[in-house]
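Structure, as structure tokens:
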Amino acid sequence: MEIRRAAPDDAGEVLTLQRAAFLTEAQRYDDPHLPMLTETLAEIAAVIAGPTTVLVGRTPRGRLVAVGRGRLDEDGTCHIGRLGVAPDLRGQGLGWRMLRAVEAEHPSARRYELFTGAASHDNIRLYERNGYTVFDRRPLGRGPGLVHLAKPAVR
């Protein structure tokens, strides 16, 4: 997989992959209105335009198979989100590679943070295997809530 910054003409494929990748999360939480499923093409195009970094991963044949975002705040924290992998390619290390690529795009970060659903055990394991630790659990109106994880940047 080749990972690069998303270009404006990637927005449609990012939208398609994002919806496919997060459908299982919507089913897990019985919530078809998750933000990553309701985000519009125009909203994704705006995110790609910046200041958030959007990365895409493509196979040698050009298929978009992974996506991830990172945004550095004024305190030096890189907020990582919308990590997604094509459902038919899960378990092949693409999520790990995308996570590492988003981190690498923000070399001045002092800390990395992300969150996932509390019942998304595979996601939590991936993040913990990559040095993240849980620092907060937040309930939502319904369901198991969110788990927030972070790790310090290694210099």
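For region 19-56, give me the residue count where each residue is of a type in the set (A, V, I, L, M, F, W, C) and outside any helix (DSSP H, G or I). The number of residues fulfilling the criteria is 4. For region 33-65, taking the residues that are farther than 16 Å from Gly12 by Cβ and among the aliphatic types (A, V, I, L, M), the one that is surrounded by the most Cβ atoms within 10 Å (Cβ to Cβ) is identified as Leu55.
Inside region 112-155, residues that are assigned to a strand (DSSP E or B) and either under 16 Å from the mean Cα position of the chain (by Cα) or among the acidic types (Asp, Glu) (or both) make up a count of 13. Residue pairs whose Cβ atoms lie under 6 Å apart, sitting 6 or more positions apart in sequence or on different chains, and linking a residue in region 111-122 that is on the phi < 0 side of the Ramachandran plot and surrounded by fewer than 18 Cβ atoms within 10 Å (Cβ to Cβ) to a partner that is of a type outside the set (Val, Ile, Thr) and at pLDDT 90 or above, are Arg111/Ala150; Arg111/Pro152. Within region 84-105, does at least one residue satisfy the condition of being more than 23 Å from Met1 (Cα to Cα) and either modelled with pLDDT of 95 or more or buried (at least 20 other Cβ atoms within 10 Å of the Cβ) (or both)? The answer is no; no qualifying residue exists. On the stretch given as region 44-64, residues that are under 21 Å from Asp88 (Cβ atoms), small (Gly, Ala, Ser) and in contact (Cβ under 8 Å) with a residue 40 or more places away in the chain total 1. Criterion first (without any contact (Cβ under 8 Å) to a residue 12 or more places away in the chain and loosely packed, with under 14 Cβ neighbours inside 10 Å) does Gly76 satisfy it? It is false that Gly76 is without any contact (Cβ under 8 Å) to a residue 12 or more places away in the chain and loosely packed, with under 14 Cβ neighbours inside 10 Å.
Pairs linking a residue in region 22-43 that is among the small types (Gly, Ala, Ser) to a residue that is outside any helix (DSSP H, G or I), with Cβ atoms under 7 Å and 6 or more positions apart or on different chains, are Ala26/Pro32; Ala26/Leu34. Each residue in region 1-18 was checked for being outside any helix (DSSP H, G or I) and either closer than 22 Å to Asp122 by Cβ or in contact with a helix residue (DSSP H, G or I) (Cβ under 6 Å, 6 or more places away or on another chain) (or both), and 3 pass.
The values are calculated or read from the model by the stated rules, or taken from the named source; none is laboratory data. From a predicted model like this one, the values you see are computed outputs, not experimental measurements. FYI the Cβ positions are ideal-geometry reconstructions off the backbone, even for glycines, and counts take in every protein chain you see.
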